[in-house]
Amino acid sequence: MMQLLVVFAGLPGVGKSTLAGQVGVALGAPVLPVDPIERALARHGLTGPGAGLAGHGSGLVGYDALAGLAEVQLGLGTSVVVDAVNPVAGARGLWLDLAARAGVPLRLIEVYCGDEAELRRRVEARHAADPLAPTWEQVRRRGAEYEPLIGPRLVVDTTIAIDPLPAILRYLA
């Protein structure tokens, strides 16, 4: 398979990380999540409270760091899978620029959960297991700030009972 920059986008709790991990295994590519970077930055006071929630302002610091790591991997000739909310055009623009600089195709996969009650259940379960994970109210606010994606992408609804991995891999081929 050709070298790719695969970028997942969607609200917390929709299933991005699960799918990103499956795609990374299938491609033999590193999966780079933004969450650990944002948490590390926050521990050192390098982002404001909730900065990563909107994906803009100081929240782009984590995305810039993630893009730097992705660029190193692309420079080594590997494909890269990015796992991040990517809620605003500014965050998504990083990936367009990186793909152009690296000379690799960008494949955007937008993940959503078409059942709001199920999404709430997932988010609340994650928050109960990890108090640093966003609350349902934070996810709702983030959803209100989420800018529509425009352009080529694969859209995946994780509430549909069909395994999306085969369709994702066809999209990437």
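Starting from residues that are assigned to a loop (DSSP other than H, G, I, E, B) and at pLDDT 90 or above, keep the ones in segment 15-52 and report whichever is surrounded by the fewest Cβ atoms within 10 Å (Cβ to Cβ). First the steps, then the outcome.
Quick first cut of segment 15-52, residues assigned to a loop (DSSP other than H, G, I, E, B) only: 15, 28-30, 34, 44-50.
So of that shortlist, the ones also at pLDDT 90 or above come out as 15, 28-30, 34.
Numbers: GLY15: 19, GLY28: 9, ALA29: 20, PRO30: 16, VAL34: 22.
It comes out as GLY28.
Within segment 73-121, can you find the residues that are closer than 14 Å to ARG142 by Cβ and of a type in the set (Lys, Arg)?
ARG120
Would you point out which residue out of GLY93, GLY59, GLY55 is at pLDDT below 95 and touching a Pro at 6+ places or on another chain (Cβ under 6 Å)?
Working: GLY93 fails: touching a Pro at 6+ places or on another chain (Cβ under 6 Å); GLY59 fails: touching a Pro at 6+ places or on another chain (Cβ under 6 Å).
Going through GLY93, GLY59, GLY55 in turn, just one is at pLDDT below 95 and touching a Pro at 6+ places or on another chain (Cβ under 6 Å): GLY55.
Taking the condition of being among the acidic types (Asp, Glu) and in contact with a strand residue (DSSP E or B) (Cβ under 9 Å, 6 or more places away or on another chain), how many residues in segment 139-173 meet it? First the steps, then the outcome.
Start the filter on segment 139-173 by keeping residues that are among the acidic types (Asp, Glu), which leaves 145, 147, 157, 163.
Still in the running and in contact with a strand residue (DSSP E or B) (Cβ under 9 Å, 6 or more places away or on another chain): 157.
Of the residues in segment 139-173, 1 are among the acidic types (Asp, Glu) and in contact with a strand residue (DSSP E or B) (Cβ under 9 Å, 6 or more places away or on another chain).
Just the residues that are open to solvent by 10 Å² or more (accessible area, probe 1.4 Å) and of a type in the set (A, V, I, L, M, F, W, C), please, taken from segment 100-109. Break it down into steps so the answer makes sense when it comes.
The initial filter retains those residues of segment 100-109 that are open to solvent by 10 Å² or more (accessible area, probe 1.4 Å), namely 100-108.
If the condition is that a residue be open to solvent by 10 Å² or more (accessible area, probe 1.4 Å) and of a type in the set (A, V, I, L, M, F, W, C), then ALA100, ALA102, VAL104, LEU106, LEU108 are the ones that fit.
Matching residues to (1) out of contact with any Lys or Arg (no Cβ under 7 Å at 6 or more places or on another chain); (2) closer than 21 Å to ILE168 by Cα; (3) not aliphatic (A, V, I, L, M):
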| residue | (1), (2), (3) |
| --- | --- |
| ALA70 | yes, yes, no |
| LEU74 | yes, yes, no |
| VAL82 | yes, yes, no |
| GLY103 | yes, no, yes |
| GLU110 | no, yes, yes |
| GLY114 | yes, yes, yes |
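Being open to solvent by 30 Å² or more (accessible area, probe 1.4 Å), hydrophobic (A, V, I, L, M, F, W, C) and over 18 Å from TYR63 (Cβ atoms) narrows it down to one residue among ALA133, ALA128; which is it? If you could, list the steps in order and put the result at the bottom.
On the way: ALA133 fails: open to solvent by 30 Å² or more (accessible area, probe 1.4 Å).
Within the list ALA133, ALA128, the selection yields ALA128.
Open to solvent by 80 Å² or more (accessible area, probe 1.4 Å) and in contact with a helix residue (DSSP H, G or I) (Cβ under 9 Å, 6 or more places away or on another chain) - does that describe any residue in segment 84-96?
Let us first name the residues in segment 84-96 that are open to solvent by 80 Å² or more (accessible area, probe 1.4 Å), namely 96.
Still in the list and also in contact with a helix residue (DSSP H, G or I) (Cβ under 9 Å, 6 or more places away or on another chain): none.
The answer is no, given that none of the residues of segment 84-96 is open to solvent by 80 Å² or more (accessible area, probe 1.4 Å) and in contact with a helix residue (DSSP H, G or I) (Cβ under 9 Å, 6 or more places away or on another chain).
Within segment 125-133, does at least one residue satisfy the condition of being under 19 Å from VAL80 (Cα atoms) and of a type in the set (Gly, Ala, Ser)?
Looking only at segment 125-133, we keep the residues that are under 19 Å from VAL80 (Cα atoms), and these are none.
For segment 125-133, residues under 19 Å from VAL80 (Cα atoms) and of a type in the set (Gly, Ala, Ser): absent.
Tell me which residues, restricted to segment 136-173, are open to solvent by 80 Å² or more (accessible area, probe 1.4 Å), in contact (Cβ under 8 Å) with a residue 24 or more places away in the chain and over 25 Å from VAL23 (Cα atoms).
ARG141, GLU145
Looking at segment 86-173, what helices (runs of 4 or more DSSP H) fall wholly within it and have at least 2 residues that are under 17 Å from the mean Cα position of the chain (by Cα) and under 30 Å from GLN3 (Cα atoms)? I'd like the intermediate steps shown before the answer.
Numbers: elements: 89-102, 116-129, 136-145, 165-172.
Filter on segment 86-173 gives 89-102, 165-172.
Out of segment 60-83, which residues are open to solvent by 40 Å² or more (accessible area, probe 1.4 Å) and either acidic (Asp, Glu) or closer than 14 Å to VAL6 by Cβ (or both)? I'd like the intermediate steps shown before the answer.
Residues of segment 60-83 that are open to solvent by 40 Å² or more (accessible area, probe 1.4 Å), as a first pass: 60-61, 64-65, 69, 71-73, 75-78.
Selection gives ASP64, GLU71, GLN73, THR78.
The values are calculated or read from the model by the stated rules, or taken from the named source; none is laboratory data. The model shown is predicted, which means the values in this text are computed figures rather than measured ones. Counting neighbours? That spans all protein chains shown, and the Cβs are built from the backbone with ideal geometry, glycine included. Quick note on the areas: whole protein, heavy atoms, side chains included, nothing else; ligands and nucleic acids left out. Shrake-Rupley method; radii C 1.70, N 1.55, O 1.52, S 1.80 Å.
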